[in-house]
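The values are calculated or read from the model by the stated rules, or taken from the named source; none is laboratory data. This is a predicted model, so every value here is computed, not measured. Cβ placement follows ideal geometry from the backbone for every residue including glycine, while neighbour counts extend to all protein chains displayed. For accessibility, only protein heavy atoms count, side chains too; no ligands or nucleic acids. Shrake-Rupley method; radii C 1.70, N 1.55, O 1.52, S 1.80 Å.
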Amino acid sequence: MRAAWGLEAVIKKLLAVALASLLAGCATLSRMPAPPLSSTHVAPASYQAKLRINSYDPQASSVVTALYTKAIEASDGSIDILALSGGGAGGAFGVGVLVGLQRKDTRPEFEIVTGVSSGALIAPYAFLGPDWDPAITEIYTAPETARLVVRRGLGALFQTSLYRTDHC
């Protein structure tokens, strides 16, 4: 009889814990204020200048025209734009294209350079010109870069990532 009572007490405790867990799920945290309706109103703290151009803004066309005019005046009459994608190997590919264009002597002087992820790291070097090619090539081809990120293998099942960087 004592064993049955012990089982009943355990079940009651488990039910109490389950009920408390369910009720805790109903609790809500206070919300942060909603973001601005337009990205043109977003700026770093204590920075007053507008950072973005909104295509719906009447001033947008005048800003784009001014940028276009500056780019034309600073170049050979054409606007050369480079947009670099990212993603590790994609970045290495972008560097290879820049170096290849330079070796073939067909690389333009870019008026506008932009990039995403790894491409954003390459963009300043591309904008500065071919004198900086050795520096950016070294970043992507140095032997040390092979050891920056190592796969965890089966250890990834028990960790928070597929790769580790703690061995550097």
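Considering only residues of the stretch 89-115 that are β-branched (Val, Ile, Thr) and open to solvent by 70 Å² or more (accessible area, probe 1.4 Å), which is farthest from the chain's Cα centre (by Cα)? Checked the stretch 89-115; the qualifying residue farthest from the chain's Cα centre (by Cα) is 106.
Suppose we keep only residues that are in a loop (DSSP other than H, G, I, E, B) and more than 18 Å from the chain's Cα centre (by Cα) within the stretch 67-88. Which one would you say is farthest from residue 142 (Cα to Cα)?
Ranking the candidates gives 77 first.
Just to be sure, is residue 78 within 20 Å of residue 149 (Cβ to Cβ) and among the hydroxyl-bearing types (Ser, Thr, Tyr)? Judged against the criteria, residue 78 is not a match. Could you check, for the stretch 118-136, whether at least one of its residues is over 21 Å from residue 76 (Cβ atoms), of a type in the set (Ser, Thr, Tyr), at pLDDT 80 or above and outside any helix (DSSP H, G or I)? No, every residue in the stretch 118-136 fails to be over 21 Å from residue 76 (Cβ atoms), of a type in the set (Ser, Thr, Tyr), at pLDDT 80 or above and outside any helix (DSSP H, G or I). When residue 44 is tested against the conditions (1) under 19 Å from residue 114 (Cβ atoms); (2) at pLDDT below 70, the lone failure is (1).
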